[in-house]
Amino acid sequence: MAKAQAQAKDAGNNKIIMILLILVALMVAITAANTYLLMDTRNLTVNALQGGQQEENLRDPVFVKVDPFTVNLRSDQFGPRLLYTGMTLEVQEGETKNVLLNNMPQVRSRLLVLLSGQDAEMISTPDGKMALSDSIKARLSEPYGGSERELEIFDVLFTEFIVQ
């Protein structure tokens, strides 16, 4: 009888050990699967980011130079103020560049009207220059010559900027 109880006890212990081994193996498999998925996701993210950077780096910058000009700014407590500025536009290659070059008198007119309404104190600050750059991009992106197509201007680069 003692022998039968010992065998039953050993069989019960073997079952418990077998169940524990199966649980450990299952946990290891789940951990390995999670690690693989996490690493695979990171690789996909890194590849996507690198791919996006490579596409951006492949695009050579195309610039359109706007000759410098002087414009009267809004008067303030110091009296009449002037802005002397020159800029270069970073644009999409091809049609955008050609449209801007072919319509340069209209480009300069839009710039003069936009700039003449500016406050000298505001555009003298870095934040003011960034806001002015955004305004210029928006204004110069509008259609030209009866076309309904807006232009894509990536950046406005100030090459000369003097407020007096």
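The values are calculated or read from the model by the stated rules, or taken from the named source; none is laboratory data. Because the structure is a prediction, the values reported are computed rather than measured. Ideal geometry is used to build each Cβ from the backbone, glycine not excepted, and the neighbour counts take in all protein chains shown. We work out accessible area using only protein heavy atoms, side chains counted, and drop any ligands, DNA or RNA first. Shrake-Rupley method; radii C 1.70, N 1.55, O 1.52, S 1.80 Å.
Side notes on the structure shown:
- Subset of the stretch 121-164 that is modelled with pLDDT of 90 or more and basic (Lys, Arg) - its residue that is nearest to the chain's Cα centre (by Cα): LYS137
- Summed over the stretch 68-93, residues that are under 25 Å from the mean Cα position of the chain (by Cα) and open to solvent by 30 Å² or more (accessible area, probe 1.4 Å) total 3.
- In the stretch 121-153, residue nearest to PRO61 (Cα to Cα) [restricted to those that are surrounded by 15 or more Cβ atoms within 10 Å (Cβ to Cβ) and touching a residue at least 60 places away in the same chain (Cβ under 8 Å)]: ILE153
- Residue list for the stretch 96-120, filter: free of Cβ contacts under 8 Å to residues at least 24 places away in the same chain and under 27 Å from the mean Cα position of the chain (by Cα): ASN98
- Condition check for VAL24: surrounded by 13 or more Cβ atoms within 10 Å (Cβ to Cβ) and modelled with pLDDT of 75 or more: no
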